Protein chains: 4
Amino acid sequence: MVDLQLKPARREKLADILYGQILEQIVSGTFAAGDRLPSENDICKAFEVSRPVVREALQRLQADGLVIARQGAGTFVSHKPPGGLLASTPPEQVASVLRVTEVRIALETECARLAAERRSSGELAEIEARLAAFEQALLSGEAGLEEDFAFHLAIANATGNEVFPAVLESLKGRIEDWMRSALNMTRLGSEERRRTIVEEHRNIVDAIARQQADQAALYTKFHLVEARRRLTDARRDR
Amino acid sequence: MVDLQLKPARREKLADILYGQILEQIVSGTFAAGDRLPSENDICKAFEVSRPVVREALQRLQADGLVIARQGAGTFVSHKPPGGLLASTPPEQVASVLRVTEVRIALETECARLAAERRSSGELAEIEARLAAFEQALLSGEAGLEEDFAFHLAIANATGNEVFPAVLESLKGRIEDWMRSALNMTRLGSEERRRTIVEEHRNIVDAIARQQADQAALYTKFHLVEARRRLTDARRDR
Amino acid sequence: MVDLQLKPARREKLADILYGQILEQIVSGTFAAGDRLPSENDICKAFEVSRPVVREALQRLQADGLVIARQGAGTFVSHKPPGGLLASTPPEQVASVLRVTEVRIALETECARLAAERRSSGELAEIEARLAAFEQALLSGEAGLEEDFAFHLAIANATGNEVFPAVLESLKGRIEDWMRSALNMTRLGSEERRRTIVEEHRNIVDAIARQQADQAALYTKFHLVEARRRLTDARRDR
Amino acid sequence: MVDLQLKPARREKLADILYGQILEQIVSGTFAAGDRLPSENDICKAFEVSRPVVREALQRLQADGLVIARQGAGTFVSHKPPGGLLASTPPEQVASVLRVTEVRIALETECARLAAERRSSGELAEIEARLAAFEQALLSGEAGLEEDFAFHLAIANATGNEVFPAVLESLKGRIEDWMRSALNMTRLGSEERRRTIVEEHRNIVDAIARQQADQAALYTKFHLVEARRRLTDARRDR
């Protein structure tokens with residue numbers, strides 16, 4: 001733990017800086033998949049931070065699937081994240097960027113369900129147009145940031161409940177930070193990766209078109225969970 | 001349909017005004033439980049509004065449980081709402097006030113799940129303190145508006161993800177409009193009603209305390225669905 | 001732990017016998033709410049059983065809400081179960097009786113969702129008739145075992161998928177063991193308790209009648225979770 | 001509708017025979033994607049069956065995603081099923097074979113969730129061994145029927161609740177009919193298809209290994225929904 005030093009931070013939370021430093025050591029291979037992390041106590045001492053800060057950092061690493069806590073046995077590295085993650089996002093910001101995922105899953109899963117039940121044919125056409133624009137952007141080698149956001153917003157609009165798109169708009173900055181990390185890695189990734197991502201979006205649209213609410217929710221959750229895994233699991237990064 | 005006239009509106013959407021007028025006629029007994037509403041076509045003509053406006057109003061009435069659409073047979077009144085609803089909220093605002101429910105269900109169900117998994121003992125103590133304050137307010141004959149919001153915010157804080165409380169704060173005005181309608185009716189309601197509401201909150205807290213994520217989500221959804229029914233179903237208004 | 005002795009068992013699993021003995025000590029007050037149970041190691045030694053057996057017993061106690069495991073701190077008693085539980089069910093059978101709850105939640109939540117979407121008016125009438133018969137039995141001071149099962153079976157039939165009622169029928173013996181424990185306590189319980197139980201059933205029927213699939217699932221899950229709590233939590237036993 | 005004639009049936013339900021005949025006409029192209037089916041009335045007359053039979057057949061076609069009901073507008077063909085479906089399964093048995101899917105989704109989603117929370121390392125090793133055997137069978141050009149069932153059973157065993165595997169065993173015949181249809185098409189399908197199917201299974205195992213209950217449930221539901229779509233949607237059949 002000797003070479004772990006708290007770098008000077010500006011606005012980031014201590015727990016996020018700690019998260020970033022543990023992440024860097026997993027990426028660099030200091031801790032390999034299956035390795036046990038130092039105990040909470042040892043991390044407290046090495047970083048000179050309080051126990052709640054350590055707990056918060058470990059909890060976030062677990063929420064992002066990077067470590068596993070085993071009752072009574074400690075915390076273990078789950079797998080190596082893709083190298084590209086730290087190239088696209090500074091380590092101390094990764095936790096913060098990923099945190100919006102949980103909110104998106106809660107909100108957008110329900111948006112897709114309600115859109116499938118209520119969308120007019122005009123709203124469906126708009127969703128399909130947004131998907132076509134996103135696909136076009138990805139195939140042109142662009143990140144498709146604006147197009148991706150517009151797609152998810154079109155689904156929120158189709159709920160017939162203006163509060164959903166209003167909340168999504170209020171999260172636009174955070175969602176775009178997240179999408180920027182994800183789409184940059186996608187842009188540099190394989191052709192197969194781009195096709196996978198387009199297909200995940202198309203599954204959502206198909207379920208909304210067929211008015212299958214439960215499947216629209218399923219495919220939305222699948223897409224968001226998989227997107228997080230592409231960011232955090234080297235085995236998904238191809 | 002003759003006496004249904006579009007009253008002058010300021011900022012409300014046409015669909016919400018139409019919703020309010022149909023609601024008034026259900027409350028007044030013009031349409032009784034089990035009655036079929038006029039067809040979409042007839043409502044279009046009587047209100048001089050377009051079909052999408054009628055569809056939106058009917059969809060919202062259905063979402064709020066007030067009417068039922070039967071494939072090929074039309075739309076039927078489900079049950080009478082409590083008289084107190086229109087005393088506490090102008091008819092043309094009811095749809096708008098209730099719309100936040102769907103967003104609360106999506107967000108707060110997930111907040112409760114994550115809070116149960118992650119809350120520190122300090123966060124649990126804060127949630128319990130907020131519940132005690134809310135209970136105290138209700139028992140003193142107050143509406144408990146601030147206390148109710150503070151309770152739900154404390155759960156969002158316990159997720160360890162600052163985006164959840166930030167979204168809740170951004171919805172504070174809308175959530176308080178909703179709570180104002182609900183709590184005013186509660187304040188004037190029976191002692192049993194107040195006990196029921198406190199118990200619904202306590203169930204959420206108990207599940208968070210016992211770290212049962214799935215039950216915390218269940219009791220949160222139950223509470224929000226029941227709160228909407230107390231507003232919209234006379235049989236729940238006691 | 002000295003007075004904990006493994007009683008001779010016939011067909012029960014070791015883990016279930018251990019569960020029953022810990023349960024008895026919680027009921028008797030040897031372990032009070034908030035107390036820490038002996039460590040896995042100590043229980044292994046005291047009962048002369050293997051670690052997997054201890055783990056299984058503790059896991060089931062946790063699944064039934066009787067104990068809470070705190071990461072790194074041990075396992076704590078959550079609350080006292082009602083005295084009536086051990087009067088209606090031998091301690092070594094409680095775990096087994098309660099295990100069917102998890103399967104019922106999985107199956108019947110989905111049955112209620114599909115029944116709400118698909119029930120014919122004839123199927124709805126049958127569900128309502130089963131509820132009336134169950135209510136009648138409860139009010140006559142009977143346990144209503146047959147009537148309760150018939151009610152839940154009628155909902156499974158209304159899914160239009162014969163596999164659901166076939167599975168429920170195949171579980172009839174286990175479900176009736178569960179219902180026998182629950183309904184015996186109900187029969188001896190208060191008038192309010194009987195009204196609560198009827199209302200939980202009625203909520204399910206109302207949602208199926210209004211074709212609100214999501215609410216039918218919610219009220220079914222709520223009913224089954226609450227039924228388990230009435231069996232296992234003295235605060236719910238009134 | 002003239003050439004639709006009720007073929008002599010043995011044990012199949014009338015609604016299943018009608019389902020099969022409509023299915024055949026969608027496969028043959030008599031009804032193309034987007035086409036409106038004849039009205040309930042017209043089908044009643046053409047098949048000389050009662051309205052409930054027609055409703056049941058249409059409801060099942062909708063549940064399997066083959067048709068879409070539009071409020072007030074009728075029932076429309078969603079998409080063409082793969083030709084291989086009728087080669088692997090007699091048309092009048094397709095509805096019955098597919099019906100077990102809904103029960104599997106309800107049961108196995110919950111099994112995966114509980115297995116992720118509770119599995120011992122021995123149970124995890126068993127699940128991984130079952131996956132390896134299934135993968136081996138698929139790669140050897142076999143259907144992998146026994147291996148597929150054994151995999152899903154291993155997850156049910158890891159719930160620590162013997163009722164789950166008991167129910168799965170009681171459904172073995174029906175699940176194997178379903179798997180036989182699916183795996184036969186897979187065996188004749190592309191290498192990519194086999195890889196997709198193995199990956200869907202591996203995602204479930206990974207989530208159980210990482211103890212992520214919510215993701216284990218998500219990936220299980222995704223797998224079962226996708227498996228049904230591979231059987232019923234030509235665009236998924238490759």
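Among the residues of the stretch A:52-59, is there at least one that is more than 14 Å from chain D (Cβ to nearest Cβ), among the aliphatic types (A, V, I, L, M), in contact (Cβ under 8 Å) with a residue 24 or more places away in the chain and under 20 Å from residue A:178 (Cα atoms)? Within the stretch A:52-59 (the criterion being more than 14 Å from chain D (Cβ to nearest Cβ), among the aliphatic types (A, V, I, L, M), in contact (Cβ under 8 Å) with a residue 24 or more places away in the chain and under 20 Å from residue A:178 (Cα atoms)), the answer is yes, since at least one residue qualifies. Of the residues making up the stretch A:34-57, those that are in a loop (DSSP other than H, G, I, E, B), surrounded by 13 or more Cβ atoms within 10 Å (Cβ to Cβ) and among the small types (Gly, Ala, Ser) number 1.
Here B:106, B:57 are screened, and the one residue that is among the small types (Gly, Ala, Ser) and in the same structural domain as residue B:164 (by TED's automatic domain parsing) is B:106. Taking the criterion of being surrounded by fewer than 20 Cβ atoms within 10 Å (Cβ to Cβ), in contact with a Pro (Cβ under 8 Å, 6 or more places away or on another chain) and within 11 Å of another protein chain (Cβ to nearest Cβ), would at least one residue in the stretch D:161-178 satisfy it? No: zero hits.
Let's see how each residue does on (1) over 25 Å from residue D:174 (Cβ atoms); (2) of a type in the set (Ser, Thr, Tyr); (3) without any contact (Cβ under 8 Å) to a residue 60 or more places away in the chain:
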residue	(1), (2), (3)
C:161	no, no, yes
C:175	no, no, no
C:190	yes, yes, yes
C:200	yes, no, yes
C:204	yes, no, no
C:231	yes, no, no
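The residues listed here are B:109, B:101; of these, the one that is within 14 Å of chain A (Cβ to nearest Cβ), touching a helix residue (DSSP H, G or I) at 6+ places or on another chain (Cβ under 9 Å) and under 14 Å from residue B:232 (Cβ atoms) is B:101.
State the number of residues belonging to the stretch A:140-160 that are touching a Leu at 6+ places or on another chain (Cβ under 7 Å) and within 11 Å of chain B (Cβ to nearest Cβ). Within the stretch A:140-160, residues that are touching a Leu at 6+ places or on another chain (Cβ under 7 Å) and within 11 Å of chain B (Cβ to nearest Cβ) number 2.
Yes or no, residue by residue, for (1) among the aromatic types (Phe, Trp, Tyr); (2) within 30 Å of residue A:119 (Cα to Cα); (3) modelled with pLDDT of 95 or more; (4) under 18 Å from the mean Cα position of the chain (by Cα):
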{"residue": "D:50", "(1), (2), (3), (4)": "no, no, no, no"}
{"residue": "D:78", "(1), (2), (3), (4)": "no, yes, no, yes"}
{"residue": "D:110", "(1), (2), (3), (4)": "no, no, yes, yes"}
{"residue": "D:113", "(1), (2), (3), (4)": "no, no, yes, no"}
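Taking the conditions exactly as written (more than 14 Å from every other protein chain (Cβ to nearest Cβ), over 17 Å from the mean Cα position of the chain (by Cα) and in a helix (DSSP H, G or I)), does residue B:133 satisfy them or not? For residue B:133, the condition - more than 14 Å from every other protein chain (Cβ to nearest Cβ), over 17 Å from the mean Cα position of the chain (by Cα) and in a helix (DSSP H, G or I) - is met.
Going through (1) within 14 Å of chain C (Cβ to nearest Cβ); (2) more than 30 Å from residue D:25 (Cβ to Cβ) one by one, residue D:224 falls short only on (2). What about residue A:113, is it among the basic types (Lys, Arg), touching a residue at least 60 places away in the same chain (Cβ under 8 Å) and in a helix (DSSP H, G or I)? Answer is yes for this residue.
Within the stretch A:217-238, the set of residues being of a type in the set (Gly, Ala, Ser) and crowded, with 20+ Cβ neighbours inside 10 Å comprises A:217, A:227.
Among the residues of the stretch D:83-103, those identified as within 23 Å of residue D:152 (Cα to Cα) and of a type in the set (S, T, N, Q) are D:88, D:89, D:96, D:101.
Among the residues of the stretch B:20-52, those that are within 21 Å of residue B:89 (Cβ to Cβ) and among the β-branched types (Val, Ile, Thr) comprise B:22, B:26, B:27, B:30. Among the residues here, residue C:60 does not qualify as at pLDDT below 95, in a helix (DSSP H, G or I) and among the basic types (Lys, Arg). Give just the number: which of (1) of a type in the set (A, V, I, L, M); (2) surrounded by 23 or more Cβ atoms within 10 Å (Cβ to Cβ); (3) assigned by TED's automatic domain parsing to the domain that holds residue C:157 does residue C:66 not satisfy? Condition (3) is where residue C:66 drops out.
On the basis of being buried (at least 22 other Cβ atoms within 10 Å of the Cβ) and not hydroxyl-bearing (Ser, Thr, Tyr), does residue D:143 make the cut? Give the steps one after another, and end with the answer.
Values: buried (at least 22 other Cβ atoms within 10 Å of the Cβ): no; not hydroxyl-bearing (Ser, Thr, Tyr): yes.
Against the criterion (buried (at least 22 other Cβ atoms within 10 Å of the Cβ) and not hydroxyl-bearing (Ser, Thr, Tyr)), residue D:143 does not qualify.
Note on the stretch C:63-92: residues that are outside any loop (DSSP other than H, G, I, E, B), in contact (Cβ under 8 Å) with a residue 60 or more places away in the chain and small (Gly, Ala, Ser) total 2.
Report the residue count in the stretch B:117-130 for those that are within 13 Å of chain A (Cβ to nearest Cβ) and assigned to a helix (DSSP H, G or I). Spell out the reasoning first.
Initial filter on the stretch B:117-130 (within 13 Å of chain A (Cβ to nearest Cβ)): B:117-123.
When the remaining residues are screened for being assigned to a helix (DSSP H, G or I), the result is B:117-118, B:121-123.
Count: 5.
Of all residues in the stretch D:199-216, those being away from every other protein chain (no Cβ under 13 Å) and surrounded by fewer than 16 Cβ atoms within 10 Å (Cβ to Cβ) number 0. I want to confirm something. Restricting to the stretch D:69-98 and keeping residues that are of a type in the set (Gly, Ala, Ser) and within 14 Å of another protein chain (Cβ to nearest Cβ), which single residue is surrounded by the fewest Cβ atoms within 10 Å (Cβ to Cβ)? Within the stretch D:69-98, the match that is surrounded by the fewest Cβ atoms within 10 Å (Cβ to Cβ) is D:73.
The values are calculated or read from the model by the stated rules, or taken from the named source; none is laboratory data. Here the structure is a predicted model, which is why all the values come from computation and not from measurement. Note that we place each Cβ from the backbone using ideal geometry, even for glycine, and neighbour counts take in every protein chain shown.
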